[in-house]
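Asks: Sharing a structure below in structure tokens format, with a few things to ask.
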Amino acid sequence: MERVGRVLDAALRVLLRYPLCDRCLGRLFARLGRGLDNAERGRAVKTLLAMLLDELRLSDEELETLVANGGLPQPAAPGSGASTLAPCYICGSKLEEVISELGGKAVKLLEEVRSEVGSFLVGVRAGSEYEKREQEVIGALGLDTWESIRREVKRLVGKRVAGELSIAPSFSSPDVLVVVDLDRREAGLRFFPILLRGRYVKAGRYISQMPWVRRDGTRKYKLSIYEACQGLLELCGGRRLVIHAAGREDADARMLGDGRPLVVEVKDPSRLRPFAPVSRFETLGPAPWAYVVIHGRATREYVRTMKMRSSRKTYRAVVVVPEGVSEKDVANILSLGNTIVHQRTPTRVLGRRKDTVRRKRVYELGVNVISDYLLEVLVRTDGGLYVKELIEGDGGRTTPSLSEVTGKSMNVVMLDVLRIEQ
Ligand SMILES: [Zn+2]
């Protein structure tokens, strides 16, 4: 009963100061009573006040104010005549109309993209005039049971959309955000970035992941995977692409087999249709030397785990041995199968990476002697092992290395990634 007293007391203080509609009054007590609409809460409080009017011991002036501010039924007693119902201080008694109008606009907008959208979220632009007045009321009365008008509008518009279009709301990964503006009574759609997972293949050499432009503005490599994905930008009507890849090979190495996992992020898309439900998409780059195959939609979580995962890889290297290759060399190289390699950060990447020692396993090795001075080496290793250095030795920074076990200098002239294991 004490609670009832406190609620009534708060409601009385509010209404003696501000005229409020049912919804705006009810919102101040939104944390009390589950499953009720704020307008119901407001009406209930007003009804109770009306029933207890005689016991409130108000002055005639207060009584008149309360009746006007709350839109209460005229009490029989006071002689001041009919009081007029004042417009709501927070919403000008327009909130019901605004919510209904915004709900209608949101439904209409989403109806047009219904077939492309699996889930939605409603957002209410912050800083509206309603919000400012609401803050003033809450601040003046020190209430702690309120919810914000933004939250209420969000919920009510969302409920209407879900009900009329049977699209599910999603708080974690919605396809589209419906942004409503209370002051301007407008609704707009914002599509979230589309994440597409797939793999890229480089059948040629001298192809970088991102366009590589020198300081003088010229291109270092003519082709890039980024450019091979441009078709996706067009398909989704997006503004910008971001490429997330699971590591990278040197630009002069081919990336063969199933390719390397990547996620293409299309920023500010204006269409979702091509990928809901997801279809296979293949794009050729500026030349058929690089292509991307899209397998489906991805989540942010997928991008995170894809980047962290260290997959085993199989490489093929063509190696020049200036001193010539002997049978003993081949045997020594093959002895490196199933070995732990200690690798200090390669000299060529020291500028970009800190100097540490990595421990990586070489699982299998295969050697084909192409000529007296030329070897083809096949090697399956842990992800993250630098293969060029495993062969050439990097001045002893990688040990053991093919160069170390043969005692001969070696030079990798071609490198291919044959397979990245899932
Ligand atoms: Zn109101």
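The values are calculated or read from the model by the stated rules, or taken from the named source; none is laboratory data. Predicted, not measured: the structure shown is a model, and the values here were computed from it. A quick note on method: Cβ atoms are made from the backbone with ideal geometry, for glycine too, and the neighbour counts reach across all protein chains shown.
Asks: I'm trying to understand the selection: among the residues of the stretch 113-148, which are charged (D, E, K, R) and touching an Asp or Glu at 6+ places or on another chain (Cβ under 6 Å)? Break it down stepwise before answering.
Replies: So in the stretch 113-148, the residues charged (D, E, K, R) come out as 114, 116, 125, 129, 131-134, 136, 144, 147.
Passing the criteria: Arg125, Glu129.
Asks: Just wondering, is there one or more residues in the stretch 73-82 that are in contact with a helix residue (DSSP H, G or I) (Cβ under 8 Å, 6 or more places away or on another chain), at pLDDT 85 or above and farther than 19 Å from Glu131 by Cβ?
Replies: no
Asks: Of everything in the stretch 108-123, what is more than 15 Å from Ser270 (Cβ to Cβ) and either charged (D, E, K, R) or outside any loop (DSSP other than H, G, I, E, B) (or both)? Give them in sequence order. Outline the logic, then answer.
Replies: Looking only at the stretch 108-123, we keep the residues that are more than 15 Å from Ser270 (Cβ to Cβ), and these are 108, 111, 114, 118-123.
Of everything in the stretch 108-123, those that are more than 15 Å from Ser270 (Cβ to Cβ) and either charged (D, E, K, R) or outside any loop (DSSP other than H, G, I, E, B) (or both) turn out to be Lys108, Glu111, Arg114, Ser119, Phe120, Leu121, Val122, Gly123.
Asks: Looking at (1) in a helix (DSSP H, G or I); (2) without any contact (Cβ under 8 Å) to a residue 40 or more places away in the chain; (3) within 16 Å of the ligand (Cβ to nearest atom); (4) not polar (S, T, N, Q), which one does Ala68 not meet, given that it meets all the others?
Replies: (2)
Asks: Can you find, within the stretch 322-378, the residue that is surrounded by the most Cβ atoms within 10 Å (Cβ to Cβ) among those that are in a strand (DSSP E or B) and of a type in the set (Gly, Ala, Ser)? Full working, then the answer.
Replies: In the first step, residues of the stretch 322-378 are kept if they are in a strand (DSSP E or B); the result is 339-344, 357-371, 374-378.
Narrowing further to those that are of a type in the set (Gly, Ala, Ser): 366, 371.
Numbers: Gly366: 14, Ser371: 10.
Restricting to residues being in a strand (DSSP E or B) and of a type in the set (Gly, Ala, Ser), the top hit is Gly366.
Asks: Can I ask one more? Would you check if there is a residue in the stretch 94-104 being more than 16 Å from the ligand (Cβ to nearest atom), surrounded by 16 or more Cβ atoms within 10 Å (Cβ to Cβ) and either part of a strand (DSSP E or B) or in contact (Cβ under 8 Å) with a residue 12 or more places away in the chain (or both)?
Replies: yes
Asks: From the list Val113, Val157, Val117, exactly one residue is surrounded by 15 or more Cβ atoms within 10 Å (Cβ to Cβ), at pLDDT 95 or above and not assigned by TED's automatic domain parsing to the domain that holds Phe29. Which is it?
Replies: Values: Val113 fails: at pLDDT 95 or above; Val117 fails: at pLDDT 95 or above.
It is Val157.
Asks: A further question on this structure: Can you pull out every residue in the stretch 21-48 that is within 11 Å of the ligand (Cβ to nearest atom) and of a type in the set (A, V, I, L, M)?
Replies: The first filter runs over the stretch 21-48 and keeps only residues within 11 Å of the ligand (Cβ to nearest atom), leaving 21-28, 38-39, 42.
Passing the criteria: Leu25, Leu28, Ala39.
Asks: Can you tell me which residues in the stretch 202-254 are surrounded by 19 or more Cβ atoms within 10 Å (Cβ to Cβ) and closer than 24 Å to Val413 by Cβ?
Replies: Lys202, Ile207, Ser208, Gln209, Leu223, Ser224, Ile225, Glu249, Ala253, Arg254
Asks: Further question: Determine if the stretch 178-192 includes at least one residue that is modelled with pLDDT of 90 or more, buried (at least 16 other Cβ atoms within 10 Å of the Cβ) and part of a loop (DSSP other than H, G, I, E, B).
Replies: Yes, there is a match, as at least one residue in the stretch 178-192 is modelled with pLDDT of 90 or more, buried (at least 16 other Cβ atoms within 10 Å of the Cβ) and part of a loop (DSSP other than H, G, I, E, B).
Asks: Please state which of the following conditions Ala10 fails to meet, knowing it meets all the rest: (1) touching a residue at least 60 places away in the same chain (Cβ under 8 Å); (2) within 16 Å of the ligand (Cβ to nearest atom).
Replies: (2)
Asks: Here is a further query. Give the stretch 402-422 a look and list any residue that's part of a loop (DSSP other than H, G, I, E, B) and surrounded by fewer than 21 Cβ atoms within 10 Å (Cβ to Cβ), or say none. Break it down into steps so the answer makes sense when it comes.
Replies: Pass one, the stretch 402-422, residues part of a loop (DSSP other than H, G, I, E, B): 407-410, 421-422.
Within the stretch 402-422, Gly407, Lys408, Ser409, Glu421, Gln422 meet the criteria.
Asks: Moving on. In the stretch 323-335, is there at least one residue being modelled with pLDDT of 95 or more and basic (Lys, Arg)?
Replies: For the stretch 323-335, residues modelled with pLDDT of 95 or more and basic (Lys, Arg): present.
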